[in-house]
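This report concerns only the one structure given below.
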Amino acid sequence: MKKWHWILLGVITLITLFAEFVLLADYPKKHWWSYVPMFYILWGFVGCVAIIYISKWLGKLFIQRKEDYYDAD
Amino acid sequence: MQISMFIAPAYYMILGALVLPLLPKQIRAGSFMLFPLIALITIWSFPEGYLIKADFLNYQLIIGEFSRLNRIFGTIFSIIAIIGGVYSYHLKEKGQQSAALLYAGGALGVTFAGDYFTLFIFWELMAVASTYLVWARRTNESINAGMRYLIVHLFGGSLLLAGIILNISNTGSIIITSLTPDGSLSSWLILLGVALNTAIPPLHAWLADAYPKATVTGAVFLSAFTTKSAVLILIKIFAGWEVLIFFGVMMALYGVVYAVLANDIREILAYHIISQVGYMVAGVGIGTEMAINGTTAHAFSHILYKALLFMGAGVVLHTTGRSKLTELGGIAKKQPITLWLYMIGAFSISGFPLFNGFISKSMVVSAAGEAHFDTAMLLLLLASVGTFLHTGLKLPYFTWWSKSKEEIEPTKPPVNMHIGMLLAAILCTLFGVYPTLLYDYLPFTVNYEPYTIYHLTESVQILTFTFIAFWLLRKKLEGEPTVALDTDWFYRKPAQFVQRVFVDGVEAAFNFIETVSMDFSQKLIRVSRNPLMLFNKSEEERDYDPDLHRATTHLLLMLIILSFAVFYIFSLII
């Protein structure tokens, strides 16, 4: 990742925040999470981290085995 | 039977499967595309609502039912068969080409079937034809996986058949109609049979087991037909069964977890079929018009981008001979066309705006929200985080961009492979940019606008921050040379035990009894030759010789008869 990649991501995020807090300020709040500001940012980030850690944990717990697991007797 | 039954779209594909091997080599691959094309034209040449009927025994079969729902599925099945034909144009093997057409024919047959009998015949045809696409890779692994795949599907077919027979005996009708969740055994058996083909956990393991082991071109067809034709049957029979919402959401996340652990690129894609089909199953469970539209649209989009992704992974396997993340990397500059066409598929499946995943996935998710299934909606959004994470980031990053342990020199793929990918990529983008091209043909009128500021904000925020989290934790996602245990464990691991008890054990018992009985008969033969050996040890050395004992026996008999005669005469005198 070069510096300008990060700048681009920052700009995109700012645009979405502008949309969320200015353009969509009066958008009807249909779900409980509609009351949490920047919810989808959190959901994307925390969700991704959780998926990686929980899956890896489950993998170590009982899912992952050596490649010859089914061939070995 | 009327002649008209032979004009159903499925028959053109099956005709193709029969004719193709007879054609000269030069025109064979080119002719492949002709048959799905004719089928596609046939689908649209019948007026909406038209029925092709045929009499069979005491029942009336509906071979072709041209409803809006069936048509849209039939259309995408035909389109993907054409694209698959382009992608496999270089293939010289007759068997694979024929099996692919037969498989597509089965899918079209299931799609347009209006009665259970027709449905079942084509259902089984699909199972058999698709197995060949796994076997055709001809490695030990694929032969074993193909056999497991076939057995599991025949088991699913039996459940379906049992359900169908019970249902017919209860209702007296073989017409496919929607069933109510009344808890009857027949409904549940049919649901189980269909759920197996839909790959709903725990009945899903065949998919992740067999698809990564299929041939490069076979996997493209496999990714399109079996699960999506089953989704169509779910829509027809089980729309509104709320239990499917739970299973749909569960499978959307299940695929995500396993995709983290998978190392083979086609296995990652296979687990993401399960995840994506989860959206469709949840949509069927919600059952509202919007949800059914969303499910249909998502099946349509999914077939396009998933075939594109499998085509991309297929090119990698074809040109490097490798398919494991641990063995790949550093080839981005060497195959930019494959990479960027793949990325269009990845953007589509991840739901990037302007690609077709965005216009269909968001419809299912919104339908969950509209019907007040908030938790389901939130979890489906979480699953889409996982989709982008694996298919859009992990897979391409570790396949193309990351540093490889050794220098890989991919060969040049046949140009038709790239053309096949390009066609799918064009369609993924086209439907993404002009959603009405698809929306106008959905089963119900669409009152949904995907490109609203709200949806765009939601998607861009989720995708951006998924990317940032991935980038920070990317080291954690490196492939590991392991296998992930799944529910196929229950029939793969005990298989050794079953083999020991029911094959090796039975064989050993048989051998033992054979030895014992042979031994016994040998002894019996020896004793029969000279029964005297039972009384006299010295007789064991020789066979029985009647002359040897004749004189003594004669004397003995004469003495007995004489004594009787003497006693008789004596009794007369007295």
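Overview of values
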read-out	value
Members of segment A:55-73 found to be open to solvent by less than 90 Å² (accessible area, probe 1.4 Å) and more than 7 Å from chain B (Cβ to nearest Cβ), listed by number	A:D68, A:A72
Selection within segment B:477-498 - part of a helix (DSSP H, G or I), loosely packed, with under 14 Cβ neighbours inside 10 Å and within 8 Å of another protein chain (Cβ to nearest Cβ)	B:K493, B:Q496
Selection from segment A:12-23 of residues that are at the interface with chain B (Cβ under 8 Å from one of its Cβ atoms) and of a type outside the set (V, I, T)	A:A19, A:E20, A:L23
Residue in segment A:34-41 that is within 10 Å of chain B (Cβ to nearest Cβ), at pLDDT 90 or above and closer than 21 Å to B:A376 by Cβ present	yes
Odd one out for A:L9 among (1) surrounded by 14 or more Cβ atoms within 10 Å (Cβ to Cβ); (2) more than 8 Å from chain B (Cβ to nearest Cβ)	(2)
Subset of segment B:19-48 [open to solvent by 50 Å² or more (accessible area, probe 1.4 Å) and either closer than 20 Å to B:A8 by Cβ or outside the structural domain of B:G84 (by TED's automatic domain parsing) (or both)]	B:L34, B:L37, B:I38, B:I41, B:W44, B:S45, B:P47, B:E48
Selection from segment B:538-547 of residues that are in a helix (DSSP H, G or I) and either surrounded by 11 or more Cβ atoms within 10 Å (Cβ to Cβ) or of a type in the set (K, R) (or both)	B:E539, B:E540
Conditions (1) open to solvent by less than 90 Å² (accessible area, probe 1.4 Å); (2) more than 7 Å from every other protein chain (Cβ to nearest Cβ); (3) free of Cβ contacts under 8 Å to residues at least 12 places away in the same chain; (4) within 27 Å of B:A367 (Cα to Cα); number of the one not met by A:D26	(1)
Residue within segment B:344-356 that is open to solvent by 10 Å² or more (accessible area, probe 1.4 Å), away from every other protein chain (no Cβ under 14 Å) and closer than 20 Å to B:I200 by Cβ present	no
Selection from segment B:458-476 of residues that are facing another protein chain (nearest Cβ under 7 Å) and over 22 Å from A:I15 (Cβ atoms)	B:L473, B:K476
Some residue of segment A:13-22 being under 29 Å from B:Y454 (Cβ atoms), at pLDDT below 95, of a type outside the set (S, T, Y) and within 16 Å of the chain's Cα centre (by Cα)	no
Candidate set from segment B:512-537 (those that are open to solvent by less than 70 Å² (accessible area, probe 1.4 Å) and assigned to a helix (DSSP H, G or I)); member that is nearest to A:Y69 (Cα to Cα)	B:S517
Residue within segment B:76-92 that is touching an Asp or Glu at 6+ places or on another chain (Cβ under 8 Å), part of a helix (DSSP H, G or I) and surrounded by fewer than 24 Cβ atoms within 10 Å (Cβ to Cβ) present	no
Single condition B:Y454 does not satisfy, out of (1) within 8 Å of chain A (Cβ to nearest Cβ); (2) touching a His at 6+ places or on another chain (Cβ under 8 Å)	(2)
Near pairs, Cβ below 9 angstrom, 6+ apart or cross-chain, from segment B:417-429 (over 19 Å from B:T215 (Cβ atoms)) to any residue that is open to solvent by less than 30 Å² (accessible area, probe 1.4 Å) and polar (S, T, N, Q)	B:A425/B:S348; B:L427/B:N356; B:C428/B:S301; B:C428/B:S348; B:C428/B:N356; B:T429/B:S348; B:T429/B:N356
Residue within segment B:393-407 that is over 29 Å from the mean Cα position of the chain (by Cα) and facing chain A (nearest Cβ under 10 Å) present	no
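The values are calculated or read from the model by the stated rules, or taken from the named source; none is laboratory data. On a predicted model such as this, the values are computed, not experimentally measured, just so you know. In this analysis, Cβ positions are derived from the backbone assuming ideal geometry, glycine residues included, and neighbour counts consider all displayed protein chains. Side chains included, ligands, DNA and RNA excluded: accessible areas come from the protein's heavy atoms. Shrake-Rupley method; radii C 1.70, N 1.55, O 1.52, S 1.80 Å.
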